[in-house]
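Working notes for the structure below.
The values are calculated or read from the model by the stated rules, or taken from the named source; none is laboratory data. Only a predicted model underlies this, so the values are computations on that prediction, with no experimental measurement involved. Cβ coordinates were reconstructed from backbone atoms using ideal geometry, including for glycine residues, and neighbour counts include every protein chain displayed. When the accessible area is computed, the model is the full protein with side chains, heavy atoms only, and any ligands, DNA or RNA have been set aside. Shrake-Rupley method; radii C 1.70, N 1.55, O 1.52, S 1.80 Å.
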Amino acid sequence: MHQGKMKALVTYGPHDYRLEEADIPRAEEGEMIIKVEGCGICAGDLKAFKGGSVFWGDGTKPPYLEVPAIGGHEFVGHIVEIGPGIEKKETYGIADSGFQIGDRVAVEQIAPCGICRYCKEGRYHLCVPHNVYGFKNYLNGGFAQYAKLTKESLVYKIPEEMPLEKALLIEPYACSMHAIRRAKIEKDDIVVISGAGCLGLGMITAAARQKPKCLIALDLNEGRLQKAKDFGCDMAINPAKEDLESIIMELSDGYGCDVYIEATGHPASVKQGLDIIRKAGRFVEFSLFLEPVTCDWSVIGDGKELDMYGVSLSHGCFPETIRGLCSGELKSEGVVSHKFALEDYEAAFEQSGKGVGSVKVVFTYD
Ligand SMILES: [Zn+2]
Ligand SMILES: [Zn+2]
């Protein structure tokens, strides 16, 4: 059946990725093998490719990324092999069980250890070893034609008729949904989402379902702002061209927005949020920053008594995201903007890094 070789993009070091013929993995106790249909490129994958110190270390602590590894954590596929003992899989009351050959599945990015304090509390997304697909030698990801789902992995069945463009958005949109849950949006809220890339758009469509009083998207790119409007925001503002602060103050009788969700990864967006948020507002931080952010912390306490919420990964959000994407309640039209073959990985990474004009770049396989 699936014995033999597969194409795989193997990470050896920063800018040192090699397209190789690798052995197709085999399933052991609690494991499954899937034939991968495609895999999205995440900002994290790109930062790893470019040599980001989060992944390769800064000389003081050991690197997070263990090589050689096959990258990618935004993938789906069909089960081609099931190892013994799969019925004993830990699901944290959220993932599926009872798998069969041929099932189409998505997998969470993190493979939780199951024994640390957070895993025991059910907050498996904060798992201490924090093993994410594509960054560990034993946890190869979706930049290959086949992938092994380890016994710790959280796996979800997805409908056969779900278009691949939607299926590849499950993982990023689940992270967006987690951010929206953290924001605790209410119907009288003025909600500002800063950044309308793939994740920001996922947040906009998830937030729009909750019908806040006013949902506002911010981005510097006009194409993304248009998409944000299509996805249900009431206003789409380019802060480089318009006076954001006076618009928000006018909308809110001079108080400021109730919720500010930071999803740009740019330090200026943090300061902007602290400026336009009202007292006792909810500030939600989602981004990975390339450098430390400097701002006046007294705004958080003495100035405004803010509630600060961090967001990591997609805790418990896969099922609702899969349902929302399938039903169309979560809008996704055109978010997957570029498809590449694995052979063209350099062009794919380059396109993904452009940001402007590209929303989500994916690899697809036969
Ligand atoms: Zn991702
Ligand atoms: Zn754990």
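Here's how it looks for residue 130: its modeled amide H is under 5 Å from those of 113, which are all 5 or more places away or on a different chain. Net charge in the neighbourhood of residue 261 (other residues with Cβ under 14 Å of its Cβ; Lys, Arg +1, Asp, Glu -1) is -2.
Packing, as the average of other Cβ atoms within 10 Å across residues, places the peptides 86-99, 21-34 in the order 21-34, 86-99, highest first.
Inter-label distance, residue 188 to residue 344: 5.3 nm, where each label sits 7 Å from its Cα along the C-beta direction. When you count the other C-beta atoms within 10 angstrom of each residue and take the mean per peptide, 269-278, 75-84 line up highest first as 269-278, 75-84. Spatial offset of region 341-366 relative to region 1-67 amounts to 16 Å, using the alpha carbon center of each. Listed values for region 274-286 are Karplus-derived 3J(HN,Hα) couplings in whole Hz (6.51 cos²θ - 1.76 cosθ + 1.60, θ = phi - 60°), namely 4, 6, 9, 7, 7, 4, 6, x, 10, 9, 10, 10, 10, and x replaces Gly and Pro. Taken along the Cα-to-beta-carbon direction at a fixed 7 Å, the label points for residue 243 and residue 222 span 2.3 nm.
Based on the Kirkwood approach, the hydrodynamic radius assigned to the chain is 21.1 Å, with every pair of different Cα atoms included. Phi-derived couplings, Karplus 6.51 cos²θ - 1.76 cosθ + 1.60 at θ = phi - 60°, listed residue by residue for region 172-184: x, 5, 5, 5, 4, 5, 4, 4, 5, 4, 4, 6, 6 Hz, with x used for Gly and Pro.
Placing dummy labels 7 Å off each Cα toward the beta-carbon, the span from residue 88 to residue 320 is 3.3 nm. Residue-normalised convex hull volume from the C-alpha trace of region 219-366: 149 Å³ per residue. For the chain, the fraction of 1.4 Å probe accessible surface lying on carbon and sulfur atoms is 51 percent.
If R0 equals 30 Å, the separation of the Cβ atoms of residue 18 and residue 138 corresponds to a calculated FRET efficiency of about 0.95.
Here the 3J(HN,Hα) profile of region 43-56, calculated from phi with Karplus coefficients 6.51, -1.76 and 1.60 at θ = phi - 60°, is 3, x, 4, 5, 5, 5, 4, 7, x, x, 5, 4, 9, 9 Hz, Gly and Pro shown as x. Peptides 150-163, 208-221 ordered by packing proxy, namely the average of other Cβ atoms within 10 Å per residue, highest first: 208-221, 150-163. Taken per residue, the accessible surface of region 1-124 reaches 46 Å², heavy atoms only and a 1.4 Å probe.
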